[in-house]
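Read through the structure below, which is laid out as structure tokens, and then see the notes.
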Amino acid sequence: MQIKTTLFTASFMLLIGIWQVWSNLGADGNTALLVFFGLAGLIGLYLVSVAALDLAIKDFSKIRGAVKSRHRNQVWVTLPNGSHKSCVIDASQQPENFPLGQPVELTLGRRSRLVLRINRVEA
């Protein structure tokens, strides 16, 4: 779910950046804002392209880990290399289905490394 949320947010950021730069292109005195929104637009363009490539090509990798903690719809997973990854669970998945220490499998985009899906693994 994080990859779709990032795609939406980055698209919105890109559109605001494009609109601000385009609408104030000939105006004087707004160069700092033009640079700021130009950079925000470029970052948004990068994030949109990477997330869209992962979703369009359907190029995902799966990695296993264990639930470290959870709060409402947010689940933190400890990966085998010791790092932690934050995941947002789907509306159909209940937080009580992810007890501490539960083995889970994350589906990550290969390029963006953003979480598309989290599934429980029956041990």
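The values are calculated or read from the model by the stated rules, or taken from the named source; none is laboratory data. Predicted model, so just to flag it, every value in this text is computed and none were measured. FYI the Cβ positions are ideal-geometry reconstructions off the backbone, even for glycines, and counts take in every protein chain you see. All accessible areas refer to the heavy atoms of the entire protein, side chains included, with ligands and DNA or RNA removed. Shrake-Rupley method; radii C 1.70, N 1.55, O 1.52, S 1.80 Å.
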Between helix 2-23 and the chain, what is the angle of the helix's C-alpha long axis to the longest principal axis, kept within 0 to 90° and rounded to the nearest 10? 0 degrees
What spacing in nm lies between the two simple spin-label points modelled at residue 60 and residue 122, each 7 Å away from Cα in the Cβ direction? 2.0 nm
Could you point to the residue in 60, 75, 89 farthest towards the positive end of region 55-123's charge dipole, with +1 and -1 charges on the Cβ of Lys/Arg and Asp/Glu respectively? 60
Mean Cα-pair separation over length for the chain, i.e. relative contact order, pairs under 8 Å, 6 or more apart, %: 26 percent
Quick one: helix 31-57 against the long Cα principal axis of the chain, what's the angle to the nearest 10°, folded into 0 to 90? 40 degrees
Return the inverse of the average 1/r over all pairs of distinct C-alpha atoms in region 1-56, which is the Kirkwood hydrodynamic radius, in Å to one decimal. 11.6 Å
Using 0.36 nm per residue, how much length does the chain from residue 76 to residue 25 gain when fully extended, once their Cα-Cα distance is taken away? 14.0 nm
Hey, can you grab everything whose amide H is under 5 Å from the amide H of residue 70? Only 5+ residues off in sequence or another chain; H modelled, so Pro and N-termini drop out. 76
How big is the convex hull of the Cα atoms of region 60-120, per residue, in Å³? 73 Å³
Over the chain, what percent of the accessible surface lies on carbon and sulfur atoms, probe 1.4 Å? 63 percent
For the chain, the Cα gyration tensor yields equivalent-ellipsoid semi-axes (√(5λ), largest first, whole Å) of 37, 14, 12
Simple spin-label model, 7 Å along Cα-to-Cβ: residue 68 to residue 49 in nm? 3.2 nm
In the P(r) worked out for region 24-85, what percent of Cα pairs fall beyond 15 Å? 71 percent
Give me the accessible area per residue for the chain, probe 1.4 Å, as a whole number in Å². 64 Å²
